[in-house]
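Below: the structure, in structure tokens.
The values are calculated or read from the model by the stated rules, or taken from the named source; none is laboratory data. Remember, it's a predicted structure, so these values are computed and weren't measured experimentally. Note that each Cβ is placed from the backbone with ideal geometry, even for glycine, and that neighbours are counted across all protein chains shown. Keep in mind that these areas ignore ligands, DNA and RNA; they rest on the heavy atoms of the full protein, side chains included. Shrake-Rupley method; radii C 1.70, N 1.55, O 1.52, S 1.80 Å.
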Amino acid sequence: MSEVVRLTLVSHAMTDAMSAGRFPTDEPLNAVGHRQVDASIDLGVTERAYCGPEKRTRQTAELLGLHASIDNRLADLDCGRWRGDVVGGVQSDDLAIWLTDPTRAPHGGESVVELIERVRGWMDSLTTRRTRLVVVTHPSVIRAAILVALNAPPKSFWRIDIAPVSRTVMHFRGHAWTLRSSL
């Protein structure tokens, strides 16, 4: 019988940066974000919970009633010098490069390919024993996990929308990840 890992990825709730179209810093949830999170959200049986190191993921986990351990591999995509900037204020040539070439990071932070590899390494570390995990993290990390599960090309990264407080469920059965559902 194969070992099964059930992984539920929860996207953090709304922040001011998200609603204003700014690249994130380490901001907390805003009032809308606090209202979005409902501790009665069914996350199923949970044996372990993790979250990214940022305030917004820690607060979402707490509001969900999770006692989550922080894992730095679940940190948001590093946007380098663009942190806190409005997306529309970035030079259009630089933004075009970033959105079309997943190997590039014109902001001096992390490229999409680097993020995917970080997330792949983290996912590989989960496959050694049967467990049920809930992870509160960022849309970028969840996009990367979906690409890993589907073995999809990095250029598909920006074509996946992840809503605040949405849930993405994956299973690992012995040899590969499968995408079960996205709510």
*Accessible-area composition of the range 24-137, carbon plus sulfur, in percent [1.4 Å probe]*: 48
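Using 0.36 nm per residue, how much length does the chain from ASN72 to GLU47 gain when fully extended, once their Cα-Cα distance is taken away? Walk me through the numbers before you get to the answer.
Details: separation 25, 0.36 × 25 = 9.00 nm, distance 1.96 nm.
The span from ASN72 to GLU47 would gain 7.0 nm if fully extended.
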*Restricting attention to the alpha-carbon atoms of the range 50-134, what are Rg (one decimal) and Dmax (integer), both in Å?*
15.7, 47
*asked:* Taking amide H atoms as placed 1.01 Å from N in the peptide plane, list the residues 5 or more away in sequence, or in a different chain, whose amide H sits under 5 Å from that of VAL135.
replied: THR8, LEU9, VAL10, TYR50
*Just grab the label-to-label distance for LEU95 and THR25, each label 7 Å out from Cα along the Cβ direction, in nm (one decimal).*
2.0
*asked:* Under the rule of at least 5 residues apart or a separate chain, name every residue whose amide H is placed under 5 Å from the amide H of SER166.
replied: SER11
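Suppose a student asked you for the relative contact order of the range 4-180, using Cα pairs under 8 Å spaced at least 6 residues apart; what percent would you report?
Details: 348 pairs, mean separation 58.9, N = 177.
Reported as a whole number, the value is 33 percent.
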*Compare the Cα positions of CYS79, HIS34, GLN91 along the charge dipole of the chain (+1 at Cβ of Lys, Arg; -1 at Cβ of Asp, Glu; about the Cα centre) and return the one farthest towards the positive end.*
HIS34
*Rule-of-thumb check for the range 127-183: C-alpha Rg over 2.2 N^0.38 Å?*
1.13
*Would you mind checking the radius of gyration and Dmax of the range 1-66 based on alpha-carbon positions, in Å?*
13.7, 49
*asked:* Please list the three semi-axes, largest first and in whole Å, of the ellipsoid equivalent to the range 29-183, using sqrt of 5 times the eigenvalues of its alpha carbon gyration tensor.
replied: 26, 20, 13
*Return the sequence-ordered ³J(HN,Hα) values of the range 139-152 in whole Hz as given by the Karplus equation 6.51 cos²θ - 1.76 cosθ + 1.60 applied to θ = phi - 60°, using x for Gly and Pro.*
x, 5, 5, 5, 4, 4, 5, 4, 4, 4, 4, 8, 6, 8
